[in-house]
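Student: Got a structure here, written out as C-alpha cells. Questions coming.
Nothing in this text is a laboratory measurement; each read-out follows from the coordinates by a stated rule. Everything numeric here is computed off the predicted structure, so don't read it as measured data. Glycine also receives a Cβ, built like all others from the backbone with ideal geometry; neighbour counts cover every protein chain displayed.
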Amino acid sequence: MQAFEENVQRGRELLTQAAKRKGVSEGMLSEEQLQSVAKIFQCESVDQLLAAIGYGDISPEAVLLRLTPTQPQHKEIRAKRKHLPQGRMKLMITLKDGAEIEAPIRLSKCCRPIPGDAICGYITRGKGIAVHRTCCRNLSYLRSSEPERVVELEWQLTAEGIFQTELLVEAIDRVGLLSDLAGIISELGINIASCNVETIPKFQLARVRFVIDVTGPEALHKVVEALRKHPDVTSIVRVTR
C-alpha cells in the first residue's frame with residue numbers, strides 16, 4: 001500500500017513537471033480532467049492513473065496529449081489494399097452453428113478482424129455480410145439498433161491468408177522515428193500497407209498509424225512486442241474506429 005501511495009505522489013510530480021515544461025496550465029490537471037483521461041487508459045481512478053505514471057507504465061507526455069488535444073500535422077503513405085477472393089472468405093468464416101454462409105462476405109475496415117478474433121456479422125442491405133470484431137463500437141451500435149441483422153460468426157481452423165489490421169503507435173517524436181518503426185516491422189517480414197503520421201510539436205510526440213498485412217494473431221503479437229521494445233515508444237493499441 002505504501003508503494004502504491006509513493007507512486008501516486010511520484011506520478012503527480014512527474015505530470016506537474018511535464019506540464020510546466022510544456023506550458024500546460026494547472027487548471028488542465030484538475031480532478032475532473034484527469035478522471036476523463038484515466039478512463040481512456042482504462043484506469044479505475046485518478047490515483048491509479050498517477051500510480052501508473054509513477055511506475056513508468058504511462059508517460060506523462062501521453063497524458064498531457066489527451067488533456068490538451070491540438071491540431072495534428074499529417075503525413076501519409078498508402079499502398080493498394082489486397083482483397084481476398086470471396087470463395088476463400090466463405091471457406092474461412094461460417095455461422096457459429098456451423099452452417100455455411102450464402103451471402104457475400106467482407107471484413108469491415110472499422111475494426112479489421114483477423115483469424116483468432118471473436119467476430120459477428122451484420123447483414124447489410126444489398127451488400128452481403130460485414131464482419132466485425134465483437135469489441136467494435138460500430139457493431140455495438142448496430143446490435144442495439146438492429147439486433148435482428150447481427151449474426152454470430154466464427155473462424156474456421158483452416159483459415160489462412162493475408163489480413164490487414166491497424167496499429168496506433170505513440171512515441172516521442174524525433175528525426176528518424178518513422179524509419180526506425182517501419183524498419184522493425186519490415187525486419188519481421190511484415191508488409192506495411194499504409195502509414196499515417198500525426199505529429200504534435202508542442203509535446204514532441206508522434207502518433208503513427210500502421211495498416212499491416214498479417215497472417216494471424218501470432219504475427220500481430222510479434223510486431224507489437226518488437227515495437228514495444230523501442231525506447232521512444234510510449235504506447236501501442238490496435239485500432240477500432
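Student: Separation between the Q9 and T215 pseudo-spin-labels, each 7 Å from Cα along Cα→Cβ, expressed in nm?
Tutor: If labels sit at Q9 and T215, their model points lie 5.3 nm apart.
Student: Moving on to the next point. Helix-derived [θ] at 222 nm for the chain: sum -39500 (n - 2.57) over DSSP H runs of at least 4, divide by residue count, nearest 500? Walk me through the intermediate numbers first.
Tutor: Numbers: 8 runs with 88 residues, N = 241.
Theoretical 222 nm ellipticity from helices: -11000 deg cm²/dmol.
Student: State, in angstrom, two size descriptors of the stretch 86-155 derived from its alpha carbons: Rg to one decimal place and Dmax to the nearest whole number.
Tutor: 10.9, 31
Student: Take the Cα pairs of the stretch 2-67, get the Kirkwood Rh, then feed it into Stokes-Einstein at 37 °C and 0.692 mPa s and tell me D in µm²/s.
Tutor: Numbers: Rh = 11.4 Å.
Approximately 289 µm²/s, per Stokes-Einstein.
Student: Diagonalise the Cα gyration tensor of the stretch 186-241 and give the resulting equivalent ellipsoid semi-axes, square root of 5 times each eigenvalue, largest first, whole Å. Could you put the intermediate results ahead of the total?
Tutor: Working: eigenvalues 92, 35, 22 Å².
Square roots of five times the eigenvalues give 21, 13, 10 Å.
Student: While we're looking at this one, here's another question. By DSSP, what percent of the beta bridges with both residues in the chain are antiparallel, rounded to the nearest 5?
Tutor: Working: 42 of 45 bridges.
Close to 95 percent.
Student: Gain in length, R143 to L168, computed as 0.36 nm per residue apart minus the alpha-carbon separation, to one decimal in nm? Let's see the in-between values first.
Tutor: Details: separation 25, 0.36 × 25 = 9.00 nm, distance 2.61 nm.
Extending this stretch completely gives an extra 6.4 nm.
Student: Write out the GluC sites (Glu not before Pro) in the stretch 123-211 meeting two conditions: DSSP loop, and at most 14 other Cβ atoms within 10 Å of their Cβ. All intermediate terms of the calculation are to be shown ahead of the outcome.
Tutor: Numbers: sites: E148, E152, E154, E160, E166, E170, E187, E198; in loops: E160.
Listed in order of number, the matching sites are E160.
Student: Moving to a separate point now. So if I average 1/r over every pair of distinct C-alpha atoms in the stretch 116-186 and take the inverse, what Kirkwood radius in Å does that give? Write out the running numbers ahead of the final one.
Tutor: On the way: mean 1/r = 0.0658 Å⁻¹.
Averaging 1/r across every pair of different Cα atoms and inverting gives 15.2 Å.
Student: Ok, one more. Counting only C-alpha contacts under 8 Å and six or more residues apart, can you give the relative contact order of the chain as a whole percent? Walk me through the numbers on the way to the answer.
Tutor: Details: 399 pairs, mean separation 47.1, N = 241.
So the answer I get is 20 percent.
Student: Kindly count the pairs of lysines across the chain whose alpha carbons are less than 27 Å apart, treating pairs on different chains or eight or more residues apart as eligible.
Tutor: For the chain, qualifying lysine pairs total 29.
Student: Moving on. For the chain, how big is the tail of P(r) above 25 Å, as a whole percent of Cα pairs? Write down the numbers at each step before the final one.
Tutor: On the way: 15173 of 28920 pairs.
Summing the P(r) of the chain above 25 Å gives 52 percent of all pairs.
Student: Using DSSP, restrict attention to beta bridges with both residues in the stretch 86-155 and report what percent are antiparallel, rounded to the nearest 5. Let's see the in-between values first.
Tutor: Numbers: 12 of 15 bridges.
Of the beta bridges lying entirely in the stretch 86-155, close to 80 percent run antiparallel.
Student: Going 7 Å from the Cα of A182 in the Cα-to-Cβ direction, what parts of the stretch 213-241 have a backbone nitrogen less than 15 Å from that spot?
Tutor: Within reach of a label on A182: 213.
Student: Please state the Cα pair-distance histogram of the stretch 146-205 with 5 angstrom bins from zero: what percent is in each bin?
Tutor: For the stretch 146-205, the binned pair fractions read 4, 11, 18, 16, 12, 10, 9, 8, 9, 2, 0 percent.
Student: Classify the stretch 142-241 as rounded, prolate or oblate, taking a ≥ b ≥ c as the square roots of the eigenvalues of its Cα gyration tensor: rounded when a/c is under 1.5, otherwise prolate if a/b is larger than b/c and oblate if not. Walk me through the numbers before you get to the answer.
Tutor: Details: a/c = 2.90, a/b = 1.57, b/c = 1.85.
The shape class here is oblate.
Student: List H132, H230, H221 from most exposed to least, where exposure is judged by having the fewest other Cβ atoms within 10 Å.
Tutor: Details: H132 28, H230 16, H221 12.
With the fewest neighbours first, H132, H230, H221 line up as H221, H230, H132.
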